[in-house]
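Asker: Mind having a look at this structure? Questions to follow.
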Amino acid sequence: MNPVLEAVLGNRTAAWALLFLAAYGEGHANRIAGTYDLAVSVVRDQLLRLEAHGVLVSRTVGRARVFRFNDRNPTARNVRGFLRTELDLLPESDVRRYFRQRQRPRRTGKPL
């Protein structure tokens, strides 16, 4: 993680959460926390703070609250564009580790 990116976005947890959302489009606190080995409560607090300030919006899917960038907020659109540029600058090892995870479940019985 780039220290300058952490400074610009406020803290490391906010930076990781926003990078995750920029890479995947949407996500919930449990998945983001699991990706980076963070406490779920810390990630949830950051997501709720960003939602309160209009950067993110959320919806409930089942029992999970799914967050994504607020497309109606021009500043949030600019932040997402900035983060996509930052994703291109990350080392390939970090990109493979954090931002290339499987999104859909595997079919039952399908060989690995």
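The values are calculated or read from the model by the stated rules, or taken from the named source; none is laboratory data. Model, not experiment: these values are computed from the prediction. Here the Cβ positions follow ideal geometry from the backbone for every residue, glycine too, while neighbour counts run over all protein chains shown. These accessible areas exclude ligands, DNA and RNA; they are computed on the full protein's heavy atoms, side chains included. Shrake-Rupley method; radii C 1.70, N 1.55, O 1.52, S 1.80 Å.
Asker: State which residue pairs qualify: first residue closer than 15 Å to Leu19 by Cα and inside region 64-81, second residue of a type in the set (D, E, K, R) and part of a loop (DSSP other than H, G, I, E, B) in any location, beta carbons under 8 Å apart, and separation of 6 or more residues or different chains.
Answerer: These pairs meet every condition: Arg77/Asp71.
Asker: Turning to a different aspect of this structure: Tell me, yes or no, whether region 28-35 has at least one residue that is small (Gly, Ala, Ser), in a helix (DSSP H, G or I), farther than 14 Å from Tyr98 by Cβ and open to solvent by less than 30 Å² (accessible area, probe 1.4 Å). I'd like the intermediate steps shown before the answer.
Answerer: To start, the set of residues in region 28-35 that are small (Gly, Ala, Ser) comprises 29, 33-34.
Next, only the ones that are in a helix (DSSP H, G or I) stay: 29, 33-34.
So of that shortlist, the ones also farther than 14 Å from Tyr98 by Cβ come out as 29.
Now drop any that are not open to solvent by less than 30 Å² (accessible area, probe 1.4 Å), which leaves 29.
Checking region 28-35: at least one residue is small (Gly, Ala, Ser), in a helix (DSSP H, G or I), farther than 14 Å from Tyr98 by Cβ and open to solvent by less than 30 Å² (accessible area, probe 1.4 Å).
Asker: Right, something else. Pull up region 60-73, narrow it to residues that are surrounded by fewer than 16 Cβ atoms within 10 Å (Cβ to Cβ) and either among the small types (Gly, Ala, Ser) or within 20 Å of Leu5 (Cα to Cα) (or both), then point me to the one that is farthest from the chain's Cα centre (by Cα).
Answerer: Out of the qualifying residues, it is Gly62.
Asker: Here is a follow-up. Only one of Leu38, Leu5, Leu19 is touching a residue at least 24 places away in the same chain (Cβ under 8 Å), surrounded by fewer than 18 Cβ atoms within 10 Å (Cβ to Cβ) and among the aliphatic types (A, V, I, L, M); which? Write out each step before concluding.
Answerer: Details: Leu5 fails: surrounded by fewer than 18 Cβ atoms within 10 Å (Cβ to Cβ); Leu19 fails: surrounded by fewer than 18 Cβ atoms within 10 Å (Cβ to Cβ).
None of the other options fit; the residue is Leu38.
Asker: A follow-up question, please. Would you mention how many residues in region 40-83 are closer than 15 Å to Thr13 by Cα and of a type in the set (D, E, K, R)?
Answerer: 4
Asker: Moving to a separate point now. Go through (1) open to solvent by 70 Å² or more (accessible area, probe 1.4 Å); (2) under 28 Å from Glu92 (Cβ atoms); (3) not hydroxyl-bearing (Ser, Thr, Tyr) and name the single condition Arg49 misses.
Answerer: Failing condition for Arg49: (2).
Asker: Still on this structure, I have one more. For region 74-98, give me the residue count where each residue is open to solvent by 90 Å² or more (accessible area, probe 1.4 Å), within 15 Å of the chain's Cα centre (by Cα) and of a type in the set (S, T, N, Q).
Answerer: Within region 74-98, residues that are open to solvent by 90 Å² or more (accessible area, probe 1.4 Å), within 15 Å of the chain's Cα centre (by Cα) and of a type in the set (S, T, N, Q) number 0.
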